[in-house]
Amino acid sequence: MYYIHKNPRALLKLQNELDEAKLEVPVSYTAAQQLPYLNAVVKESLRMHPGIGMIMERVVPEGRLYLKSGYVIPEGTIVGMNPWVVHRNKDVFGPDAESFNPERWLQPDTEILSVFQERISRMNSAILTFGAGKRVCLGQDFSMMEISKVTATILLKYKV
């Protein structure tokens, strides 16, 4: 709600998508999943404001860690990533990575499908809102369902 109300254009576009969809209130998760701009707004909001604000530390296991760059990290070294920093990586999210831009999750008419799919895959693999890998949050799917349904329902029911 914060980001769409700070961005009137995004709010208007989302409200238009919801109005055109003619959804029943409360909005079902199945219906919410079919709304591309709603999903883009949710993903972008979670990118801009992940729930985890600390470094997600791990210890390099026995045998070292070999990075694609050729760099080697010795076993026992504590390594980690901060989602707030990773989510603002301009190499992954574009030159406007510091800004709220739901359109980054949508395919523009000028972008061919294979380029779009590669770009989305790269962004999705860098999203750490719910953690990643074996330690991903077990409630991720439930949270995404709640966020989608509640956001759509509130915006349909009330003019906020």
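Shown are 77, 129, 30, whose ranking by accessible area with a 1.4 Å probe and every protein chain present, most to least, is 30, 77, 129.
Based on Cα contacts under 8 Å between residues 6+ apart, region 72-160 shows a relative contact order of 25 percent. Projecting the Cα positions of 26, 84, 95 onto the charge dipole of the chain (unit charges on Cβ atoms of Lys, Arg, Asp and Glu, taken about the Cα centre) puts 84 furthest along the positive direction. For the chain, complete DSSP H runs whose alpha carbons reach 15 Å or more along their own long axis and whose mean Kyte-Doolittle score is -0.5 or higher are 36-48, 113-126, 140-157. In terms of its C-alpha gyration tensor, region 118-160 has an oblate overall shape, because the principal axis ratio a/c (a ≥ b ≥ c, square roots of the eigenvalues) is not below 1.5 and a/b does not outweigh b/c. In a simple Cβ point-charge model (Lys, Arg +1; Asp, Glu -1; nothing else charged), region 41-103 has a dipole of about 80 debye relative to its Cα centre.
Each Cα pair under 8 Å and six or more residues apart adds its sequence gap; the mean of these over the residue count of region 9-130 is a relative contact order of 27 percent.
Could you let me know the centre-to-centre spacing of region 107-147 and region 1-45, using Cα atoms, in angstrom? About 17 Å separates the Cα centre of region 107-147 from the one of region 1-45. Taking all protein chains as they are arranged and a probe of 1.4 Å, the heavy atoms of residue 114 leave approximately 70 Å² accessible to solvent. Rg then Dmax, both in Å and based on the Cα atoms of region 80-125: 11.3, 37.
Between residue 157 and residue 143, the modelled labels are 2.3 nm apart [label points 7 Å from Cα along Cα→Cβ].
Which Cα, out of 127, 144, 55, lies furthest along the positive dipole direction of region 43-160 (beta carbon charges, K/R +1, D/E -1)? Farthest towards the positive end: 144. Helices in the chain, meaning DSSP H runs of at least 4 residues, each add -39500 (n - 2.57). Divided by all residues, the mean residue ellipticity at 222 nm is -14000 deg cm²/dmol.
Taking a cut-off of 17 Å, what percent of all Cα-Cα pairs in region 45-160 are separated by more than that? The share of Cα pairs beyond 17 Å in region 45-160 comes to 68 percent. Available extension along the chain between residue 109 and residue 68 is 11.4 nm, counting 0.36 nm per residue and deducting the alpha carbon span.
Using a Förster radius of 30 Å, what is the FRET efficiency between residue 56 and residue 15 based on their Cβ-Cβ separation? Nearest 0.05, please.
The computed FRET efficiency comes out at 0.25.
Across region 60-66, rounded Karplus estimates of 3J(HN,Hα) from the backbone phi angles (6.51 cos²θ - 1.76 cosθ + 1.60, θ = phi - 60°) give 4, x, 3, x, 6, 10, 9 Hz, Gly and Pro being marked x. Structure remark: mean-square fluctuation, Gaussian network model of the chain, C-alpha springs under 10 Å; the largest value among 66, 29, 37 belongs to 66. Taking the Cα centre of the chain as origin and assigning +1 to Lys and Arg Cβ atoms and -1 to Asp and Glu Cβ atoms, the resulting dipole is close to 240 debye. Under a Gaussian network description of the chain, with springs only between Cα atoms under 10 Å, the residue in 126, 40, 21 that fluctuates furthest is 21. Build a GNM of the chain with springs between Cα atoms under 10 Å apart, and of 65, 12, 138 the one that fluctuates most is 65.
The values are calculated or read from the model by the stated rules, or taken from the named source; none is laboratory data. Keep in mind the model is a prediction, meaning the values are calculated, not measured. We place every Cβ from the backbone using ideal geometry, glycine too, and count neighbours over all the protein chains shown. Just so you know, the surface numbers come from the protein's heavy atoms only, side chains and all, with ligands and any DNA or RNA stripped out. Shrake-Rupley method; radii C 1.70, N 1.55, O 1.52, S 1.80 Å.
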